[in-house]
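Below: one structure, written as structure tokens.
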Amino acid sequence: MRDAALVSFSCEPGCALCCRASPVTVLPHEVYILQRLAERLGAPVVFTPAYKVADVKSGLRVAISYLMHLDEEGKCPFLEGTRCMVHGLYKPLTCRSFPYLPKVIRYELDPTSREIRIDVKFVMSTLCPVVRRDLAPADVAKMSSIHIAVKYAPRETEVALKTLEKRYLYAKVLSELWKRGAVELDDEGKYPFYPVVNGFAFIRRFYPELTLEKLRD
Ligand code: SF4
Ligand code: SF4
């Protein structure tokens, strides 16, 4: 175990363990970016909506996060051997922030203030062998604080913050629409028969100037 104050995270070349671990959480606009790349590269991607909120006004459930599933071999469809096919094209934010990622994301609809609130708790994932090698369990525990984690993994925490900002952006735009009465949000569990719409496509109905290019980075 190395001194946590002195080491900084560096991904192990050829590891790709996190590309086989679990579905990748992606944001609504990333679905479009990755779908296009998948078509170009012939990767069999499958996305399913994760968190959704119902809009009673339009009779839709708006997906504001998605899962990109592992393929039949139990790996990310963009993984070829140990090479990420979208590296340098567009790697999902979750992948770029790994091993620093949300452990819990809690969404809450407040009908009084007409706001969607998001509470995120981060974790330095011990699935990553480099984290296990570098850090003692006590140090890992401290890294739920992004201010401490940034010293060990500055690039990854920066992307984790950027991802959080984008998550907040979806919540903020929908909250603004709710406040001005353009949408009537409610718990999606009450409306299982509503069709699901991608959150990026949905908010572009109101803000067409919000393009993929603006959200992509
Ligand atoms: S997109 Fe690339 S980095 Fe992310 S899980 Fe797939 S292969 Fe791994
Ligand atoms: S598990 Fe860790 S070392 Fe392995 S590819 Fe993922 S981030 Fe890199």
Inside segment 67-81, can you point out the residues that are more than 16 Å from ligand 2 (Cβ to nearest atom) and within 14 Å of L37 (Cα to Cα)?
-> P77
Given the conditions (1) modelled with pLDDT of 95 or more; (2) at positive phi, which single one is not true for G14?
-> (1)
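Could you pull out the residue among C84, C19 that is in contact with a Leu (Cβ under 8 Å, 6 or more places away or on another chain), at pLDDT 95 or above, within 16 Å of ligand 2 (Cβ to nearest atom) and not small (G, A, S)?
Unique residue meeting the criteria: C19.
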Is there a residue in segment 58-78 that is modelled with pLDDT under 95, over 19 Å from C19 (Cβ atoms) and more than 16 Å from ligand 1 (Cβ to nearest atom)?
-> no
Evaluate segment 78-90: report whether one residue or more is surrounded by 14 or more Cβ atoms within 10 Å (Cβ to Cβ), touching a residue at least 24 places away in the same chain (Cβ under 8 Å) and within 13 Å of the chain's Cα centre (by Cα).
-> no
Could you grab me the full set of residues in segment 183-202 that are more than 16 Å from Y107 (Cβ to Cβ) and under 18 Å from the mean Cα position of the chain (by Cα)?
-> V197, N198, F200, A201
Tell me, which residue of segment 97-122 that is buried (at least 17 other Cβ atoms within 10 Å of the Cβ) and outside any strand (DSSP E or B) is nearest to ligand 1 (Cβ to nearest atom)?
-> F98
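Pull up segment 24-52, narrow it to residues that are of a type in the set (A, V, I, L, M, F, W, C), away from ligand 1 (no atom under 12 Å from the Cβ) and free of Cβ contacts under 8 Å to residues at least 60 places away in the same chain, then point me to the one that is surrounded by the most Cβ atoms within 10 Å (Cβ to Cβ).
Checked segment 24-52; the qualifying residue surrounded by the most Cβ atoms within 10 Å (Cβ to Cβ) is F47.
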Among the candidates Y107, Y66, residue that is out of contact with any Pro (no Cβ under 8 Å at 6 or more places or on another chain) and touching a residue at least 40 places away in the same chain (Cβ under 8 Å) | Y107
Considering segment 167-185 alone, what residues qualify as being surrounded by fewer than 17 Cβ atoms within 10 Å (Cβ to Cβ) and either acidic (D, E) or in a helix (DSSP H, G or I) (or both)?
-> Y168, L169, K172, E176, K179, E184
Candidate set: segment 22-47, residues that are over 18 Å from L93 (Cβ atoms) and outside any loop (DSSP other than H, G, I, E, B); chosen: the one farthest from ligand 2 (Cβ to nearest atom) | E39
By residue number, the members of segment 186-217 that are part of a helix (DSSP H, G or I) and hydrophobic (A, V, I, L, M, F, W, C) are F200, A201, F202, I203, L212, L215
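The values are calculated or read from the model by the stated rules, or taken from the named source; none is laboratory data. Nothing here was measured: the structure is a model prediction, and the numbers come from that model. Virtual Cβ from ideal backbone geometry, glycine too; neighbours counted across all protein chains shown.
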